[in-house]
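Input: a single structure, listed below in structure tokens.
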Amino acid sequence: MGKVEFDKINRSETVKLPFMLDFYPLEDEKGTRISQFFKNLKEGRLTTTKCTKCGKLLWPPRIVCSNCLSNELEWVDLGSEGELYAFTDMRLGAPLGFCEDVPFCIGIVRVGDVLMSTRIDNAKYDELKIGEKLQLKIVELQDGRVFYRFAKLKEK
Amino acid sequence: MRKVAIVGGGATRCGKREATWRDLVQEAGKAMFDSLSNLSPKDVDSLIVGAAQPERSAFQAHVAPMVAEYLGITPRKVLARTELMCASGQAAIRYAYACVSSGLSDVAVAFGVEKMYMPDMAEAQTNMTCVLDREWDGVNGLSAPPFFAMTAQRHMYEFGTTKEQMALVSVKNHHYSSLNPLAQFQKEVTVEDVLKSLMISPPLQLLDCSGITDGAACVILVPAEDAKKYTDTPMYLAGSGQANIGNAVGNLASLTDWVPLRMAVEEAFKTAHISSDDIDIAELHDCFTISEIMEYEAFGWCERGKGGKFIEEGQPYIGGKVAVNPRGGLLGCGHPLGATAILQALDIMQQFRGEVPKGRYVEGAKTAVAHNLSGPANVHSIMVYSR
């Protein structure tokens, strides 16, 4: 019987934020069939899909109408103004990738005829009110991907 | 359809456990089989494992055969894992119920297990953020506390519910969990404690929220006609209901009226031939204090918007209108996702058998419900149990 060898091994790779823990979706046409949403965002337009067969407005955007199963959908503008339906503040328990942003406001806004969740920028929790108007804002990540947020209107 | 009974079960202590996912499995499995003299792992023909996120928290998929291997079970009828997030255990019971009821299985184990504590708390929180629609809701930092915080905000805004009323739910459930040796939190709390606890997502504070919890539990389901072979005191599955509307946070039926819960309640009451007045024990999904308040309303014990007043009057205590969460609830016992519904079922069985400590014993209880919600409260699952 030989002597049992002890050795040290290296696992030196550092993983920053792997794909599986990246909250932001793949946005270009190689990764998604709703890349038009993100192209529109880059032009400052928040859009979603509407079924041309049954007329159903669909949020989030998709490729098949969940009301009539048609795949003939068109892109429609939702506008750039949101009405605040509910909101809170992330104080503790933020996920990886958002820890440095704490505290930050999160809300549900009514935009046109849809309700959606959103980050709310330029806002303090104590100063927000249910029903107040918010302005669409587009944020760009370091890698060029974009996403929507809403922001408190600046004081006139 | 055959009538189905639960004849036994077992559980681990819940909390921050110095144990792995598979340690928890073995602890609960042993507790169950040790409690049954006429039933061994070899008799089990089916195994359903409720587990919400083993891929994330234990880096392990294909978990049902792993549980089978560790417990010496050789499934030959049905083997599956159920994932329905916070209701994964309820889904396991429901699946096992369907298997036994249909005649597909004669002895089915419904198992629930979750390992939630991770060395890095942010990673544990990240796991919870893919529960909602990750690309459209999770991406905004929306996880359970902020979502239920907004639910609470709207309930306060529309109905005048107060933070003190919400705190009373936590006080009640911690009172009962202080009498539960399996509970994660075995200390009483006061309204002041709740209102002084750390702010998580306003208006929700730490003691408004159920914990991050490790735990496992299991129960055995057999046809009712076979139940007395294994125990003198089986518990029967008397009816059930489950409903879902929408998924993305913007597409829910309502933030302050849980329509799918009302649908599930209606179905459960219809199949069990009961009304809300017949329920002696309700193990409700109090993931947050506001949840339990809204559940009083949806189950029909009080009017819509009056849930806060209902707890203020002491109605959900033992001796009140209905004993809600005499186990200690998720707030007191912790919420090991896949295990929670199984822990509820097990405690109801022990209530029926008179095996729980005096201060949380519901004397003469004959009918009980166990309820779980999952996701942004768009899914509600209910099981009705009877003696």
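Derivation of every value follows stated rules applied to the coordinates shown; laboratory data play no part. These numbers were taken from a predicted model, which means no experiment stands behind them. Backbone-built Cβ (ideal geometry, glycine too); neighbour counts: all protein chains shown.
Things worth noting here:
- Database remark: amide H of A:Leu153 closer than 5 angstrom to the amide H of A:Gln135 (H placed geometrically; neighbours at sequence offset of 5 or more, or on other chains; Pro and chain starts carry no H).
- Each Cα pair of the stretch B:242-289 feeds into the Kirkwood radius, which the Stokes-Einstein equation turns, at 20 °C and 1.002 mPa s, into a diffusion coefficient of 173 µm²/s.
- If you run the Gaussian network model on chain A, springs between alpha carbon atoms under 10 Å, then out of A:Asp89, A:Asp126, A:Asp113 the most flexible one is A:Asp126.
- Counting all C-alpha pairs of the stretch B:256-387, share separated by more than 26 Å (%): 12 percent
- Under 5 Å between amide hydrogens, built in the peptide plane, is the criterion, and for B:Ser240 it picks out B:Thr271, B:Ala272, B:Val384 among residues at least 5 positions away or on other chains.
- Measuring nothing but how far apart in sequence close Cα pairs (under 8 Å, 6+ apart) lie, relative to its length, chain B scores a relative contact order of 25 percent.
- Inter-chain Cβ neighbour count for B:129-135, averaged per residue, equals 4 (cutoff 10 Å, partner chain atoms only).
- Applying the Karplus relation 6.51 cos²θ - 1.76 cosθ + 1.60 with θ = phi - 60° to the stretch A:75-88 yields 3J(HN,Hα) values of 8, 10, 7, 9, x, 10, 10, x, 10, 6, 9, 7, 7, 8 Hz, where x marks Gly and Pro.
- Shielding score for A:82-90, defined as the mean number of other chain Cβ atoms within 10 Å: 6
- Cβ-to-Cβ counts within 10 Å put B:Leu346, A:Leu141 in ascending order as A:Leu141, B:Leu346, the fewest first.
- Computed from backbone phi, the HN-Hα couplings of the stretch A:123-133 come to 9, 10, 3, 5, 9, 8, 9, 4, x, 6, 7 Hz, rounded to whole numbers (Karplus: 6.51 cos²θ - 1.76 cosθ + 1.60, θ = phi - 60°; Gly and Pro given as x).
- B:Arg76, B:Arg262 arranged by Cβ crowding within 10 Å, fewest neighbours leading: B:Arg76, B:Arg262
- Relative contact order for the stretch B:230-381: 31 percent, from Cα pairs under 8 Å spaced at least 6 residues apart, divided by residue count.
- Exposure proxy for B:Asp23, B:Asp34: other Cβ atoms within 10 Å of each Cβ, ordered fewest to most, give B:Asp34, B:Asp23.
- Average Cα contact separation per residue, the stretch A:31-156, under 8 Å, 6 or more apart, as relative contact order %: 21 percent
- Among A:Asn67, A:Cys51, A:Gly31 the positive-end extreme of the charge dipole of the stretch A:26-77 (Cβ point charges): A:Asn67
- Within the same chain, lysines fewer than 8 places from A:Lys56 are excluded, and of the rest, those with a Cα less than 26 Å from its Cα are A:Lys39, A:Lys42, A:Lys133, A:Lys137.
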